[in-house]
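My questions will all concern the structure given below.
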Amino acid sequence: LVNYAMALDLLGDLTDEESLYEKAIEILSHVVQASPESLAARYQLALSASHLGELTSDASSYEKAIEILKELLQEDPDDEQAWSDLG
């Protein structure tokens, strides 16, 4: 499911379709709820929320992405990619 959501996110990047990001976020939210220990799902959820925020200028999407990235960095403060994305 994470790979499918990543594909939807990428397709959203290519087509600028808001609904693709929303579907990716929906799928990833379910995955994270079922497996909160999945760092890959949580990281991708942050990216998809950030991409949706960028497309729609929606501050709440950015806030969600920042919240998730901060949680990931609390667990792994050496995660360079998460630091980069947070910036």
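So, with +1 on the Cβ of K and R and -1 on the Cβ of D and E, and no other charges, what is the size of the charge dipole of the chain about its Cα centre, to the nearest 20 debye? Before the final figure, lay out each step's value.
On the way: 4 positive and 19 negative charges, 45 e Å.
Around 220 debye, computed over the chain.
Please give the helix 18-34 orientation as an angle from the longest Cα principal axis of the chain, in degrees from 0 to 90, rounded to the nearest 10.
It works out to around 40 degrees.
Can you list the HN-Hα couplings for segment 44-61, worked out from phi with the Karplus curve (6.51, -1.76, 1.60; θ = phi - 60°), rounded to whole Hz and with x for Gly and Pro?
Values, residue by residue: 5, 4, 4, 5, 5, 5, 5, 5, 5, x, 5, 5, 9, 6, 8, 5, 5, 5 Hz.
Whole number in Å², please: accessible area per residue of segment 32-80, 1.4 Å probe, ligands, DNA and RNA not counted. Each step should come with its number before you reach the end.
Numbers: 2880 Å² over 49 residues.
On a per-residue basis, segment 32-80 sits at 59 Å².
Remind me, relative contact order of the chain in percent, using alpha carbon pairs under 8 angstrom and six or more residues apart?
Rounded, it is 23 percent for the chain.
Continuing with the same structure: For the chain, state which GluC sites (Glu not before Pro) are in a DSSP loop and have at most 13 other beta carbons lying within 10 Å of their beta carbon. Intermediate values should be presented prior to the final figure.
Values: sites: 17, 18, 22, 26, 37, 54, 63, 67, 71, 75, 80; in loops: 17, 37.
Taking the chain and a limit of 13 other Cβ atoms within 10 Å, the loop GluC sites (Glu not before Pro) found are 37.
Continuing with this model, one more query. Stretched out fully, how many nm does the piece from residue 38 to residue 19 gain, at 0.36 nm a residue minus the Cα gap? Don't skip to the answer; put the middle values down first.
On the way: separation 19, 0.36 × 19 = 6.84 nm, distance 2.40 nm.
Result: 4.4 nm gained on full extension.
On to the next question. Give me the percent of the accessible area of the chain that comes from carbon and sulfur atoms, probe 1.4 Å, all protein chains in place.
On the way: 2740 of 5260 Å².
Within the chain, the accessible surface is 52 percent carbon and sulfur.
To the nearest 500 deg cm²/dmol, what mean residue ellipticity at 222 nm is calculated for the chain from DSSP H runs of n ≥ 4 alone, each contributing -39,500 (n - 2.57), summed and divided by the residues? Intermediate results must be reported in sequence, preceding the final value.
Numbers: 5 runs with 73 residues, N = 87.
Roughly -27500 deg cm²/dmol at 222 nm, from the helical runs in the chain.
Given R₀ = 22 Å, FRET efficiency for residue 74-residue 26 by Cβ-Cβ distance, to 0.05? Write down the numbers at each step before the final one.
On the way: r = 25 Å, r/R0 = 1.14.
So, using R0 = 22 Å, E works out to roughly 0.30.
A follow-up question, please. Can you find, among 31, 46, 56, the residue farthest towards the positive end of the dipole of segment 20-64? Put +1 on the C-beta of Lys and Arg, -1 on that of Asp and Glu.
31
Using only Cα atoms, what Kirkwood radius does the chain have, in angstroms?
Numbers: mean 1/r = 0.0790 Å⁻¹.
Evaluated on the chain, it is 12.7 Å.
Please identify, among 59, 34, 46, the residue showing maximal mean-square fluctuation in a Gaussian network model of the chain using a 10 angstrom Cα cutoff.
Taking springs between Cα atoms under 10 Å, the residue moving most is 34.
The values are calculated or read from the model by the stated rules, or taken from the named source; none is laboratory data. None of the values given here were measured: they were computed from a predicted structure. Neighbour counts run over all protein chains shown; Cβ positions are idealised from the backbone, glycine included. Accessible surface areas use protein heavy atoms only, side chains included; no ligands, DNA or RNA. Shrake-Rupley method; radii C 1.70, N 1.55, O 1.52, S 1.80 Å.
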